[in-house]
Structure formats: C-alpha cells, structure tokens
1. State all residues of segment 184-207 that are part of a helix (DSSP H, G or I) and either open to solvent by less than 20 Å² (accessible area, probe 1.4 Å) or free of Cβ contacts under 8 Å to residues at least 60 places away in the same chain (or both); if no residue qualifies, say none.
2. Please specify each residue of segment 328-347 satisfying the condition of being part of a helix (DSSP H, G or I) and in contact (Cβ under 8 Å) with a residue 12 or more places away in the chain.
3. Counting only residues that are in contact with a Lys or Arg (Cβ under 8 Å, 6 or more places away or on another chain) and either closer than 10 Å to residue 200 by Cα or buried (at least 21 other Cβ atoms within 10 Å of the Cβ) (or both), how many does segment 230-247 have?
4. Quick check on this structure: which one of 126, 100 is part of a loop (DSSP other than H, G, I, E, B) and in contact with a strand residue (DSSP E or B) (Cβ under 7 Å, 6 or more places away or on another chain)?
5. Tell me, yes or no, whether segment 151-171 has at least one residue that is free of Cβ contacts under 8 Å to residues at least 24 places away in the same chain and at positive phi.
6. Answer with yes or no whether residue 282 is within 30 Å of residue 69 (Cα to Cα) and of a type in the set (D, E, K, R).
7. Residue 89 fails exactly one of the following numbered conditions: (1) open to solvent by 60 Å² or more (accessible area, probe 1.4 Å); (2) without any contact (Cβ under 8 Å) to a residue 60 or more places away in the chain. What is the number of that condition?
8. Which one of these does residue 247 not meet: (1) part of a strand (DSSP E or B); (2) within 21 Å of residue 276 (Cβ to Cβ)?
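The values are calculated or read from the model by the stated rules, or taken from the named source; none is laboratory data. Computed from a predicted model, the values in this text were never measured in an experiment. All Cβ positions, even for glycine, are placed from backbone atoms using ideal geometry, and neighbour counts span all protein chains on display. Calculation scope for accessible area: heavy atoms of the full protein, side chains included, ligands and nucleic acids excluded. Shrake-Rupley method; radii C 1.70, N 1.55, O 1.52, S 1.80 Å.
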Amino acid sequence: MRGVVFTGDREIELMEFPDPTPGPGEVVVEIKASGMCGSDLKVYRASKSASQSLGLGASKGPVIAGHEPCGVVAAVGPGVEARQAPIGARVMVHHYKGCGVCQHCRIGWSQLCAEGIVVYGVTGHGAHARYMKVPASTLVRLPDALSFETGAAISCGTGTAYGALRRIRISGNDTIAIFGQGPVGLSATQLAAAMGARVIALDVSPERLSRAKEFGAWETVNPRSNDPVGAIKDLTHGGADFTLDTSSQPEGRIAAVRSAKVWGTVCFVGERNNVTIDVSPDMLRKQLTIIGSWTFSWQGQQDCARFVVDHKLDVDRLFTHEWKLDQAEEAYRLFDTQTTGKGVFLM
C-alpha cells in the first residue's frame, strides 16, 4: 500500500509499505477517512535535519502520517475477542499506545504513560494510507448516525475541543472567548454553542471568522483590526468567564489570560510556542485559573461522539476540502496557508 510521509521542509512523498498484518491483540483498520490536523503542520514544516516527532520520541524509518483515523475493522490478530472488534465494525482510533498497565493507561489516558508512548501518525504508522494496524484496545465505536468524516474529526481536532470544554466545565451561564478558528477552534465554537455558552470567536482570517459565525459564534473579533482584550472586556462588561487558546501564538495566549475576568479560567490547547505572564497583575490579583488540556481520553472520545449524535451537530461542515492520497502535496500546501477549513482524505 502507499502511505503519505512528511520528509521535511514542506515536502511530501507517497511511499510504498507492506500491507499490515495484525499480531496478538492487534487489529487492522481499513481507513475510510483520515483527517488533516493543525498538529500535522508542525511535522510538515520541520526541517529535514530536525526531529520530526514533536518531542514525542524517535521513530525508526519513514512514518505514515495521519492521526485522525476512521474506518472499518478489516482483520484481527490472536487474542482479540469478536465482540471487541467484529469484522466490518465502524470504528475510530484513540491514536496513542502506552504500556497498557499503568494508572494512566488503565483509565484511558495512554498518552500520559510514563513508560513512553507511540503516537500514531507521528511516531507510529498513521492513517494516511489504505490500512492501519493498532491495538484493539484503541478502537472506539463510531455510532451509525455519524459519517466516517465526522469520526475522523472526533479522533483528534473535535475531540480535543470537546475535552477542553469538559475540562473547564462550561455551561449555558458562561461566555467563552476562543482564540483561533482553525479546525480545533471552530470545533470548540460549535460545541460550546451547543452547550449553551455565548462564544466570542477570534482569528486574523476573515474567512475563518465568517465560518465561526455560521457555527454559532455570538460575536467575532479580528485581533489585527481590534484590541482583542479591550473588545472582549467591552462585550462582557469586564472579562470573559472562560478563554480558550487554540492558536499556539504567544500573542493569543497572553490575550486569553488578560481578557479573562476576575475568578475566570484560561485553557491552553494549542501545541508549542511560549507565553510570558506577569504573574501578579495577570494571575494572582485576578484569582485566575490557568490549565492545559492535551487531547482527550479513550472515554472522552466516545463521549464526544455521543454528544455530537445527541445534539445532532453537523460536524461534517468543518470540512471544506476532500482529497485522495495522491493529492497530498496539494492538500497540505493549501492547508499550510491556514485560511481554509478542515481537510480530509477519503479512501
């Protein structure tokens, strides 16, 4: 089979790999949809001489990209019970593998495993290919009401947004400012609106702000045209109850801190980069809570899918572009502009 590999410096190669065979406790998923995530751009943009694993460990040889897998069970290895992974079952993948026995792995947070992890699509072969081999324990059933494309989104971007919103326990009484309206930020806008919150969406792209309105944003702010902190304080009469940064930019992060109200909560989701906080005025004297939220648990992924079904959310609207694997170079070149919606590879 052919798989998409990021070779560095914004270059992509379609390489040949053997079709995978499942070992004990493993399954092979025939991929139907594989989403494109903002985290992919970090690896896509990395230099050929730099580590391409986002600080998540070394990989041996070329790695197939794609960490938003969704498809059907095609084959099972020894020791996999039929009820765990029936052939033909519609599934998503919780795209991490840990030791399987530590406290984090046992409660579905395998990405926190202290023994080391595999991140599929980054340090282990991912879903930008026809087939993907994973432990049966990583499978999350895809409800019949959801498309494979929606399942791919929930497998990272939408699931990450859901995990952050649940972490901060947002409700219909709250106003939340969401910095960045890429796939994760736009998902957060859609989900938070469905949870009843008033959403202030921020982005430097007019196209993305327009989409945020369509996805339920109460107000939008372009930081290039407005003082984002002042705009949010004006809209909320002093500061937002919650702020969520998906932008990864230092300017976005500090604005998220400074636009939260006294006793407010800030959540950082975007990977990489830094932020400098003046602790006394920005945190201590506001009694501010600042947390980080890294993706979601196995259970959280399942809960997100149920939420989408119960609230009849049209997650498929996130996708503005559908691609085939042989269009990967064009797909990532466009995604790299960060002005579009979400892209997905369909098999």
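1. Restricting attention to segment 184-207, the residues satisfying the condition of being part of a helix (DSSP H, G or I) are 184-194, 206-207.
Within segment 184-207, 185, 186, 187, 188, 189, 190, 191, 192, 193, 206 meet the criteria.
2. Kept after step one, since they are part of a helix (DSSP H, G or I), are these residues of segment 328-347: 328-335.
Of everything in segment 328-347, those that are part of a helix (DSSP H, G or I) and in contact (Cβ under 8 Å) with a residue 12 or more places away in the chain turn out to be 328, 329, 331, 332, 333, 334, 335.
3. Initially, segment 230-247 is screened for residues in contact with a Lys or Arg (Cβ under 8 Å, 6 or more places away or on another chain), giving 236, 238-241, 245, 247.
Next cut, either closer than 10 Å to residue 200 by Cα or buried (at least 21 other Cβ atoms within 10 Å of the Cβ) (or both) only: 236, 239-240, 245, 247.
Result for segment 230-247: 5.
4. Numbers: 100 fails: in contact with a strand residue (DSSP E or B) (Cβ under 7 Å, 6 or more places away or on another chain).
Selected residue: 126, the only one of 126, 100 that is part of a loop (DSSP other than H, G, I, E, B) and in contact with a strand residue (DSSP E or B) (Cβ under 7 Å, 6 or more places away or on another chain).
5. In the first step, residues of segment 151-171 are kept if they are free of Cβ contacts under 8 Å to residues at least 24 places away in the same chain; the result is 169.
Of the ones still in play, those that are also at positive phi are 169.
Taking every residue of segment 151-171 in turn, at least one turns out to be free of Cβ contacts under 8 Å to residues at least 24 places away in the same chain and at positive phi.
6. On the way: within 30 Å of residue 69 (Cα to Cα): no; of a type in the set (D, E, K, R): yes.
No.
7. Status for residue 89: all satisfied but (1).
8. Against the list (1) part of a strand (DSSP E or B); (2) within 21 Å of residue 276 (Cβ to Cβ), residue 247 comes up short only on (1).
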